[in-house]
Amino acid sequence: MFFDLNVPVSDLGLQGSVHSKKSKGKQPQQLHSVAFTLAQIKAIETRVDLLVHLGYAVIAFNQTVDKRLDPKSHVNILDSLLPQIRKRTGVIFLKRLTITLDEDSEKGFGLTNANASLVEPYDLIALTPTTATTFSLACLTHTLPSSLTAHVISLPLTLPRLPFHLKHTLVRTALKNGAVFEINYAGAIGGDGDTSQMNHVSGESGKRNWWAAAREVVRVTKGKGIIVSGGVVTDADHRAPKDVGNLISLLGLARNIAHDASASVPKSLVLRAQTRRTYRAVLSEPRLVVPNRAEEILDPAPTPQPTGDARDEGHSVNLSQVQNDSQSPPTSSENPAPHNVLNAAVSGNRKRSSDQAELDLPTSTHHSMASLGVSDGGEASQKKKKKNKNKEKAGGNS
Amino acid sequence: MVRFKNRWLLVEFIQSGTQTATLDGKQIYAALKQSVIHNFGDAAWGAVAMSLTVKYFSPTTNVAIIRVARDHHSIAWGAVTLLTSIAGQRLIPNVVHLSGTIKHAQLAAIQHNRQVVARFRALANTPAMYQDSYDAFLDQSTKEIEALQD
């Protein structure tokens, strides 16, 4: 399964958003509707078809914002776009927000709690720092787990020189916090690039800059935490994932890492980005289930031998269960993905991740109780109901 | 004594928009040469020049089989990827298969031709047993591909 986490749409939808931006002063309530013309939708459809033909399975549409996220004028164009695109089996669409940072954004660029509701609908948040200050901001502050974490740092690779030094400590901190560095291959093909980004150099010099800067990114990250995505504006600049993998391996990356850069690294990134919706990037809330049902039965009518064993056994079973379970949710944001949650991401369902991890506990407790022969009909049936309910939930989601 | 090892690239050229002119193997070779020299320089061209050949090209399905020495095949592959246009026409090169022997390149090419024809037929929406010119094309291209020598 291959990922293209940067398919820019901002320039395609420009007419719609410009129109609504102009009307913002008078009628701010109109901001939420961005009208895509039929031609624009058709262009996006053909692009998606092309990407699917080339072998991509997960496509993230990208909206770019300059300087800062302005709550007054910001329009989420992707929310209105996605329902209009034809559903395809086995293809997932994601929404991504990229904020380009420059000198003006050093004091703040709108990724604050006040704008949390604005940012919440996006699946991924990316930052494009163009100054040293904003780069260190992006690496240190905005990779910390919260509802506003920016997981992707997308450096402007086609600028004549990277305008700042990629300090090892900053890069290491960002990687440790679970951020990834993005390489857009559009720069190597020499296409027009994302025209909405002011800091883009196209043509021959852009290509040369890309090779230099991308090598630098590979060098400082030592190949860890690199994703490669498109950022392609013209349809003819798209490339198949394996071709891109080979291209990246020419930067001095090992073949397997080059392959991972468009397969497994973005996969875990998408999962990690889901943790924005949880408290401090915790994927599940482990619950301690103490089998005191047995004790409650014991107290009124003590039947000494068998239930005593049963209680002990029940304790040990549950403790191990709890231990197992407390290991599976991520303690740091470094490794957030228990495998079953992975499937949830594939089916594009965000809610499931938190439910899934809880699933195992009550059912298995029930099993251990049932096998011990504890005669508590009411409770057992209640648990059975819960189990069924959980099953239904899982079935409905998958 | 070790034999000389090759890599065989099966490349599909996806043309964007309408197809104006048909390509041929010579044009592809020339464009590939320019791409290697332009992107990787004269030294890299020197490394691949002796072994780089376009063994086969089918204008109907836009599929080419390219041979290159194994040592530097990633350069040739990168040059294929970085191609943007051949004879003034924008296209997307897509490496469908990479193999170490011509046998498997042939098998992959035949299979790919069948897939492309199936896609053409699906687009044309013809009935199940409809006879069209593609059958003859498939037979002929299969013979051509199988006749390729190392």
Footprinting proxy, A:Trp211, B:Trp8: sorted fewest to most Cβ within 10 Å, the residues are A:Trp211, B:Trp8
The base-10 log of I(q)/I(0) that the Debye equation returns for the range B:34-129 at q = 0.17, 0.20, 0.21 Å⁻¹, one scatterer per C-alpha, is -0.84, -1.07, -1.14
Quick check: pseudo-label points 7 Å beyond the Cα along Cα→Cβ at B:Ser74 and A:Phe164, how many nm apart are they? 3.1
Cα-Cα over 30 Å: which of A:Lys87/A:Lys242; A:Lys267/B:Lys103; A:Lys42/A:Lys267; A:Lys67/A:Lys167; A:Lys224/B:Lys26? A:Lys267/B:Lys103; A:Lys224/B:Lys26
Among B:Ala108, B:Ala76, B:Ala118, which one shows the biggest mean-square fluctuation in a GNM of chain B, springs joining Cα atoms closer than 10 Å? B:Ala118
The range A:2-276: proportion of alpha-carbon pairs further apart than 23 angstrom, %: 50
Count, for each residue of B:81-92, the Cβ atoms from other chains sitting within 10 Å of its Cβ, then give me the mean as a whole number. 4
Listing B:Phe120, A:Phe61, B:Phe13 by rising number of other beta-carbon atoms within 10 angstrom, fewest first, gives B:Phe120, B:Phe13, A:Phe61
The local net charge around A:His259, scoring Lys/Arg +1 and Asp/Glu -1 for residues other than A:His259 whose Cβ lies under 13 Å from its Cβ, equals +1
Given a Förster distance of 30 angstrom, what is the FRET efficiency for B:Ala136 paired with B:His104, based on the Cβ-Cβ distance and rounded to 0.05? 0.75
Footprinting proxy, B:Leu91, A:Leu144: sorted fewest to most Cβ within 10 Å, the residues are A:Leu144, B:Leu91
Residues in the range A:217-256 that a label on A:Leu50 would reach, taking backbone N under 15 Å of a point 7 Å out along Cα→Cβ: A:230-241
Candidates per chymotrypsin sites (Phe, Trp or Tyr not before Pro) in the range B:52-97, loop by DSSP, up to 10 other Cβ within 10 Å: none
Check each of the trypsin sites (Lys or Arg not before Pro) in the range A:95-175 and keep only those in coil by DSSP with at most 13 other C-beta atoms within 10 angstrom; list them in order. A:Arg161
Any DSSP H helix in chain B with Cα axial reach of 30 Å or more and mean Kyte-Doolittle score of at least -1.0? Listed by number, the hits are B:102-124
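None of the figures in this text is laboratory data; all of them are computed from the coordinates on show. Everything numeric in this text was worked out from a predicted model, so none of it was measured. Positions of Cβ are backbone-derived with ideal geometry, glycine not excepted, and every protein chain shown enters the neighbour counts.
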